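No value in this document is a laboratory result; all are computed from the given coordinates. These numbers come from a predicted model, not from an experiment. Please note: Cβ atoms are built from the backbone with ideal geometry, for glycine as well, and neighbour counts cover all protein chains shown.
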Amino acid sequence: MIKRRQYISHLADLFTRRDFLKRAAIGATALSSISDYASANSEKSSEQFKVDFPIVDYHVHLSGGFNIERAVELSKKRGIKFGIVEHHGPGYKIVNDEALEKYIEMLDNYPVYKGLQPVYPNWSKAFSKKLLYRLDYILMDALTLPEKDGNWLRIWRADTKVEDKEAFMKRYVDFNLQVLSSEPIDIFAWPTFLPACIADQYDVLWTDELMQKIIDVALKKDIAIEINEPARVPKIKFIQMAKKAGAKFAFGTDSRNDKAGKFKYCLQMAEQAGLTKKDMFVPKPEGKKAIQRKNIDS
Ligand SMILES: [Zn+2]
């Protein structure tokens, strides 16, 4: 269990998307190299977690200090495959077909999955479908909410204010459902994350009914649920409910540094919920990716 104060102080670090993993808890990997950091953990060590599936980190970003060569080297050292995701949207690198093609061709040279993490709704219109088909998967979160005035509310920011919790939850859940039902995505990232100011009320605000709504749409659209290592979401109850409903899961560190592939929360959740190979997401074969499925309105 993560203590409230620890969790809040962790969230307080989330000032920018670029820096928000600086103080993520030390993670761990299963059935792979653990000696370098096992000693830093007095709790259950990662080698005590046994899972029957290959561990993949589907949420790894590249950065100035963490380039593709370094990511691949780390992936080999950990014995964990990485999925590289880049953001799309104003202010990010992948703005058009030309940039996306360059990115895909660069990643084609390396043993990684090729992913994309769009930030804003209706993103897919910016690209030609054929190019998007070359990606292994698309991952998106619902943490950037549209405002009436055309601005965006970024709820991952530590300074996010919530005046009316009930109104916020309604708006947030509606936006979750919008992303899940309208966006052609394979993995839903940061599920059930709450702004730092109300994070301690997670168990009250996320009622079974609200959680089930998210799970039902994810399942209907065949979208996998990310278990997010640094934010430690979703919590076990959501995972158990989603597993019962037949959802798939994907581990993610949302890292852009050596934290990539370091899992502990994800492994704990997998063990507690009894996740096995059949519960885990694997990138869809050609023709079955979210962007290629007919039931997606894009
Ligand atoms: Zn990310």
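Apply the a/c threshold of 1.5 to the C-alpha gyration tensor of region 82-160 and tell me whether it is rounded, prolate or oblate. Working shown, then result.
Working: a/c = 2.59, a/b = 1.76, b/c = 1.47.
It comes out prolate by the Cα gyration axes.
Ordered by packing density, taken as the mean number of other Cβ atoms within 10 Å over each peptide's residues, highest first, how do 171-180, 55-64, 283-292, 246-255 rank?
Numbers: 171-180: 18.6, 55-64: 21.9, 283-292: 15.3, 246-255: 23.5.
Sorting 171-180, 55-64, 283-292, 246-255 by mean packing, highest first, produces 246-255, 55-64, 171-180, 283-292.
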remark   = Quick shape check on region 115-269: root eigenvalues a ≥ b ≥ c of the Cα gyration tensor, a/c under 1.5 is rounded, otherwise prolate if a/b tops b/c, else oblate, and it reads rounded
Cα lying deepest toward the dipole's positive end in region 147-298, options CYS197, THR276, ILE225, charges on Cβ = THR276
Stretchable slack from LYS170 to GLU147, in nm (0.36 nm times residue separation minus alpha-carbon distance) = 6.9 nm
message = As an exercise, use a Förster radius of 30 Å and the Cβ-Cβ distance of ALA99 and GLN178 to find the FRET efficiency, rounded to the nearest 0.05.
response = 0.70
key: Over 24 Å between alpha carbons, listed pairs LYS114/LYS262; LYS50/LYS235; LYS165/LYS243   = LYS165/LYS243
